[in-house]
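Student: Sharing a structure, written as C-alpha cells. Questions coming.
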Amino acid sequence: MKMEPRSKAPFTLLGVLLIALFAISSCVKIPTEAPPLPKFKAKLRIIHAATDVGEVAVKLDGQNLATLSMEGASPYVDVDAGKHAFQVGSEDVDSLFVDTDFVGTFYIAAKAGGNTKRLIKKRERWMFNPPAPKDTAAVVFAQMSPDGAYDILWAGSYSGSDTSYSKNGTLASGLAFTKFAGGFFPVTGWSYTFYVTDGTDTLLTVNPTISSGKSVTEVLMNNKANLKVKEFANE
C-alpha cells in the first residue's frame, strides 16, 4: 500500500511565526530600571513669634529663605515633600519632615516655658482642600506667648433681612504655649469678636477678618504683661 507523505505545512507555519516573534521582540526595548517616582509637593512659610530672638536669618536646605524680625513672616514657598534642613540664625540645623500636600507654617518660637523646639510646625490645610468651606471662614489662634495659658471666647451677632440674634461660645480653654485652636464660622450676615482671657480678666479683644472660603491665624505674642496679637492670612 502506498503511503501519502506527511504534510510539512504546520511545521513550516510554526517556524515562520517563531521567526516573526523573534524579530518583533528584538525591536522592543525592555526597561531595565523602574521609572522615577513623582515628586510630591508641599507649601510652607515661616512666622517669627519668638521673644528671645531678634532679627534673624532663616535658611532652608542651606539657602536663605528670609530675614525676619519678630512679627515678620516669609511668603509661602513650594517645596518637595520629605525631610528638609531648617536653620534659624547660627543655631543648630533642624531636620524636619514636611508632609505630602502640606500647606502650613513653621513658627519660630521662644525656648521657654518648657519648650525646647525652636520651630513649631502647624498644618493649615491639605493642598486638595480649600482654606475653608464655602460660606464659612476659618479662624485659628496660635498661642506663642511663653508664660500664659489663655481662654479664647467668642461672641457672634447675626443680622438678616427679617431677624437678628447673637451666639457665643468657647474656642479654647487653657490654650497653652505652642498650642493651636480654631474653627469654621458662618460668614453671611455675621460679625464676630473674640476675647483672650486668663480666666478672670480680658487681656485682648480680637476682631478677625472674616471672608467666605478664607482662613486667618491670630498669633498671640509676647509675655502676658505685654500680650499682643497679629493676624496673618493663610493660603
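Student: Please give, to one decimal in nm, the separation of the simple spin-label points placed at Lys59 and Tyr158, each 7 Å out from Cα toward the Cβ.
Tutor: About 5.4 nm separates the two model spin labels.
Student: Further question on the same structure: On a straight-distance basis, which aspartates and glutamates could pair with Lys228 in a cross-link, Cα separation under 12 angstrom, same-chain partners fewer than 8 positions away excluded?
Tutor: Correct list for Lys228: Glu71, Glu218.
Student: So, one more: Just to be sure I understand the curve: with the Debye formula and one point per C-alpha of the range 39-128, what is log10 I(q)/I(0) at q = 0.12, 0.15, 0.16, 0.26 Å⁻¹?
Tutor: The Debye formula, applied to the Cα set alone, gives -0.33, -0.52, -0.59, -1.45.
Student: List every residue whose amide H lies under 5 Å from the amide H of Ala66, counting only residues 5 or more places away in sequence or on a different chain, with H placed 1.01 Å from N in the peptide plane.
Tutor: Counting only residues 5 or more places away or on other chains, the set is Val58.
Student: What does the charge count near Val229 come to, summing +1 for each Lys or Arg and -1 for each Asp or Glu among other residues with Cβ under 11 Å from its Cβ?
Tutor: Taking every other residue near Val229 into account, the sum is -1.
Student: Here's another thing I want to ask about it. For the range 130-235, what is Rg from Cα atoms divided by 2.2 N^0.38 Å, rounded to two decimals?
Tutor: That ratio works out to 1.08.
Student: For the range 107-235, what does the relative contact order come out to in percent, with C-alpha contacts under 8 Å and a separation of six or more?
Tutor: Relative contact order of the range 107-235: 29 percent.
Student: Which order do the peptides 83-92, 200-209, 218-227 come out in when sorted by mean C-beta neighbours inside 10 angstrom, highest first?
Tutor: Per-residue mean Cβ counts within 10 Å order the peptides as 218-227, 83-92, 200-209.
Laboratory data are not the source of any read-out in this text; all were calculated from the coordinates shown. Values in this document were obtained by computation on a predicted structure and should not be read as measured data. Note that we place each Cβ from the backbone using ideal geometry, even for glycine, and neighbour counts take in every protein chain shown.
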